[in-house]
1. Which of rounded, prolate, oblate describes the range 152-310, given a ≥ b ≥ c as roots of the alpha-carbon gyration tensor eigenvalues and a/c under 1.5 marking rounded, otherwise prolate only if a/b is larger than b/c?
2. So how far, in whole Å, is the C-alpha centre of the range 114-177 from the one of the range 254-305?
3. Mind checking the range 67-162 for GluC sites (Glu not before Pro) that DSSP puts in a loop (not H, G, I, E or B) and that have at most 16 other Cβ atoms within 10 Å?
4. Given a cut-off of under 8 Å on Cα pairs at least six residues apart, what relative contact order in percent is computed for the range 5-149?
5. If 284, 95, 252, 146 are ordered by their accessible area, calculated over protein heavy atoms with a 1.4 Å probe, which sequence runs from highest to lowest?
6. What residues have an amide H closer than 5 Å to that of residue 268, excluding those fewer than 5 places away on the same chain, when H is modeled at 1.01 Å from N in the peptide plane?
7. Which entries of 5/250; 137/218; 100/306 show an alpha-carbon separation above 23 angstrom in the structure shown?
8. With a 1.4 Å probe and all protein chains left in place, how much accessible area per residue does the range 152-310 have, in Å²?
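The values are calculated or read from the model by the stated rules, or taken from the named source; none is laboratory data. None of the values given here were measured: they were computed from a predicted structure. A quick note on method: Cβ atoms are made from the backbone with ideal geometry, for glycine too, and the neighbour counts reach across all protein chains shown. Side chains are part of the model used for accessible areas, which takes the heavy atoms of the whole protein and leaves out ligands, DNA and RNA. Shrake-Rupley method; radii C 1.70, N 1.55, O 1.52, S 1.80 Å.
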Amino acid sequence: MAINKIALYGAGNVGATTAHWLANMELGDLVMFDIFGQVAAGKALDLYESGPAMGFDGRITGSSDPGIIEGSDVVVVTAGVPRKKDPVTGKFPSRDELVKINQDVMSVVSENIKKYAPDSIVVLVTNPLDAMCHVVKHVTGFPRERIIGQAGALDTARYKTFIAMELGVSVEDVHGIVLGGHGDTMVPLPRHTSVAGIPVTELISQEKLAAIIDRTAKGGGEIVGLLGYSGYYAPAAGTAIMVESILKDKKRVIPCAVYTEGEYGYHDLFLGLPCVLGRGGVERIIPMDLNESERAMLDHSAEAVKAVVDVLGYD
Ligand code: APR
């Protein structure tokens, strides 16, 4: 059987940590690419050398030449520019400026993916996530099954963590889902959350659940507040389970940013919806019966995504 080839396009905090989880999972050979110096080659070799101690096999290589991604089955994209102060002006870029900066990065990334890995499945992590998915779609022209945004896997993991913390139970027994865009308007769904099948609404008061939902929606900011930069263990773990489900054809149901073509009433917009992930990428979008308030929250989230997508200036 052919060995899977997984590319990490961007070897910063999230890219390298994703490589770390993936190496442990022994899903295939890993190649890392980053434009910054020899960082990809260095991190790849360092990780490769951890194999004997940790007991995993699989080749791990890195380069500052994007050609290293050639023929990859899956390309995980974390390349991008974070929101940080301009060293000269001391100012933060506005949201729209950052969208434009990362649109440029993502255009180059997409050209390279199209050139070197035209049959790959792209798992995108770079923010602003939903808008960056649009850039990849616009430039690569890949079918929607092969452009998958990582957002819900992370947001759901944060949500489950807070519920497990509140109840003092194993995270393994917490089931739930977070839909919508990757931002403050995301839509955690308590009505569809359970602990070993017991509705969470029977276990946690409405007030406490509201606080958990608020903490989930602001989860990224909480980590930035502590670290001074964005988190990477949980984003990388969310990414790794998506890659695993794709390459092992597990058909896990994971909320992902997916291009809508009428699902849930939305069109031509990447939005977080429950997806079945298998060897074909997004193999199915699962419909859910949302009530009026859930629907209103999802609409609100879709509007927020659309406002960022509009900045891209595509038709
Ligand atoms: N090609 C390749 N690599 C690039 C390019 C490019 N055109 N532009 C930037 N990079 C690389 C940088 O050199 C850096 O190593 O992308 C990497 C980004 O890594 P970090 O700055 O450490 O950011 P990280 O925390 O990994 O987050 C990456 O994922 O979760 C999202 O919001 C996060 O958008 C951000 C992305």
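1. Working: a/c = 1.26, a/b = 1.20, b/c = 1.05.
Rounded, because the longest to shortest axis ratio a/c is under 1.5.
2. Each part reduced to its Cα centre gives a spacing of 12 Å.
3. Of the GluC sites (Glu not before Pro), the ones in loops of the range 67-162 whose Cβ has at most 16 other Cβ atoms within 10 Å are 70.
4. Values: 270 pairs, mean separation 33.2, N = 145.
Over the range 5-149, the number comes to 23 percent.
5. Working: 284 145, 95 120, 252 95, 146 45 Å².
Largest accessible area first, the residues go 284, 95, 252, 146.
6. 260, 261, 262
7. Working: 5/250 17 Å; 137/218 28 Å; 100/306 15 Å.
With Cα atoms farther than 23 Å apart: 137/218.
8. Values: 7410 Å² over 159 residues.
Accessible surface, normalised per residue, equals 47 Å².
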